[in-house]
Structure formats: C-alpha cells, structure tokens
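Reading through the structure tokens given below for one structure.
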Amino acid sequence: AELDAAACVDLERVFATGHSSGGFFTNMLGCQRGEVLRAIAPVSAGGPFGGRCAGDVAVWLAHAENDETVAFQNGEQSRDRWLEANGCNDATVASEPAPCVEYAGCAEGRPVRWCVYDDGHAWPEFGPVGIWSFFGAL
C-alpha cells in the first residue's frame, strides 16, 4: 500500500521471488498474501506450511536434484501443494526454458511450472529469464 501511494504500481501484476530462505518466504507470501500477489517464483525452497491459503497465485518453482542445503523433497512437496491448490493434474508439457515443464489442467490463470536442474544450492542460470518470461506472460 505504501509503494502504491508513492509510485505507479499495477496492482494486478505484483510478483515475488526468492532463493533458499527467500524461497521459503516467497511460498509463504504466496499463501498468506495470495489476494495481493499475481504469481510467485520460489527457488531451492519448501513450503508453504500450514492450513488454507488466501487468494490464488500462479507458481514457477525450481529446485536442484543435488541440492545439499535444502532437500529436493522440500521442492517436490512445495510443487505438490501448489498443484493441488491450483487444481492441476499430473500431465506435463515441456516449457521454456529447458528443463522446465508446465502442468496441465490448472485453474484459469494459475499455471504451475516446475524446473529441475543439477547445480546444487546455486541459483539456476536459466532462472532470471525463466521467471521474467513466466511473470510477463500472466
């Protein structure tokens, strides 16, 4: 609200992204402030934890299979939570940038994209382009 009062903000296109602890926080923001955010992009993270989420968000997630800091299982659990929340099914189609896939059957305007890579706990090279492209398409 403070930013909106001080600057020109398109309130229909507010996004959040973060890596590691920032990714956990991004997942919680998507859940707790889903009525404010249009989409989130958590990287190398888990969550959201707890009960029902407020509002609806599109989700772009990335996690390295060989992450030794945040277990890959955390990313899978996060993905599965958003797949259920957004009404997606198990079918996927390849999506840009590789190695991402997008799930089918998601509610209108609430796609879920999942990217698996092998760079440990590092930010993926394809992350900035992938996230910006995902946010820009919404």
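Just so you know, all these numbers are worked out from the coordinates, no wet-lab data involved. Worth saying up front: this structure is predicted, and the values here are computed from it rather than measured. Neighbour counts run over all protein chains shown; Cβ positions are idealised from the backbone, glycine included.
List of remarks:
- Nearest-0.05 FRET efficiency for S21 and E76, computed from C-beta distance (R0 25 Å): 0.85
- Given charges at beta-carbon only (K, R positive; D, E negative), |dipole| of the chain in Debye: 320 debye
- A Förster radius of 30 Å, combined with the Cβ-Cβ distance separating A54 from A122, puts the computed FRET efficiency at roughly 0.40.
- Spacing of the two label points (7 Å from each Cα toward its C-beta) at A5 and T92, in nm: 4.4 nm
- Over segment 68-118, relative contact order from alpha-carbon pairs under 8 Å, at least 6 apart, %: 30 percent
- Among the GluC sites (Glu not before Pro) in segment 24-99, those located in a DSSP loop and surrounded by at most 10 other Cβ atoms within 10 Å of their own Cβ are E35, E68.
- DSSP-loop trypsin sites (Lys or Arg not before Pro) across segment 18-119, with at most 11 other Cβ within 10 angstrom: R52
- Toward the positive end of the charge dipole of the chain, with +1 on the Cβ of Lys and Arg and -1 on the Cβ of Asp and Glu, the farthest Cα among C100, H121, G75 is that of G75.
- Amide N of segment 116-132 lying under 12 Å from the label point, which is placed 7 angstrom from the Cα of N66 along Cα→Cβ: 117-122
- The angle between the Cα long axis of helix 127-137 and the main principal axis of the chain comes to about 50°, on a 0 to 90 degree scale.
- Remark: the Cα gyration tensor places the chain in the rounded category, a/c being less than 1.5.
- Listed residue (A58, V36, G22) projecting farthest to the positive dipole end of the chain, Cβ model: V36
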